[in-house]
Amino acid sequence: MIYFIEDDEEITYSIVGSNEADPAEHKISDQSPIGRALMGKKAGDSVTVTAPAGELHFKVLEVARANH
């Protein structure tokens, strides 16, 4: 779960392979700007990402493995 600072919004994302990505379902590719930025991060980390939509600032609130 991450907190987008500019939007004052919490969102839970699943990081998946590019073939499984579905932004509408909050499944982002590990190759996307946000996916790459989140890899290896832990709760409490602050992250700045340069994405096609512009610079994004967020804080990692929780990291968990997906249940399959």
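What about Gly40, is it open to solvent by less than 50 Å² (accessible area, probe 1.4 Å) and more than 9 Å from the chain's Cα centre (by Cα)?
Criteria not met by Gly40.
Given Ala21, Ala53, which one is without any contact (Cβ under 8 Å) to a residue 40 or more places away in the chain and loosely packed, with under 10 Cβ neighbours inside 10 Å?
On inspection, the qualifying residue turns out to be Ala53.
Which of the residues belonging to segment 8-55 are at pLDDT below 90 and in a loop (DSSP other than H, G, I, E, B)?
Pro52, Ala53 - these are the residues of segment 8-55 that are at pLDDT below 90 and in a loop (DSSP other than H, G, I, E, B).
Is it true that some residue in segment 6-18 is at negative phi and surrounded by fewer than 10 Cβ atoms within 10 Å (Cβ to Cβ)? Walk me through how you get there before you give the answer.
We begin by selecting, within segment 6-18, every residue at negative phi; these are 6-7, 9-18.
Restricting the remaining residues to those that are surrounded by fewer than 10 Cβ atoms within 10 Å (Cβ to Cβ) gives none.
Checking segment 6-18: not a single residue is at negative phi and surrounded by fewer than 10 Cβ atoms within 10 Å (Cβ to Cβ).
The values are calculated or read from the model by the stated rules, or taken from the named source; none is laboratory data. The shown structure was predicted, so the numbers you read here are calculated from the model rather than taken from an experiment. All Cβ positions, glycine included, derive from the backbone under ideal geometry; neighbour counts span all protein chains shown. Quick note on the areas: whole protein, heavy atoms, side chains included, nothing else; ligands and nucleic acids left out. Shrake-Rupley method; radii C 1.70, N 1.55, O 1.52, S 1.80 Å.
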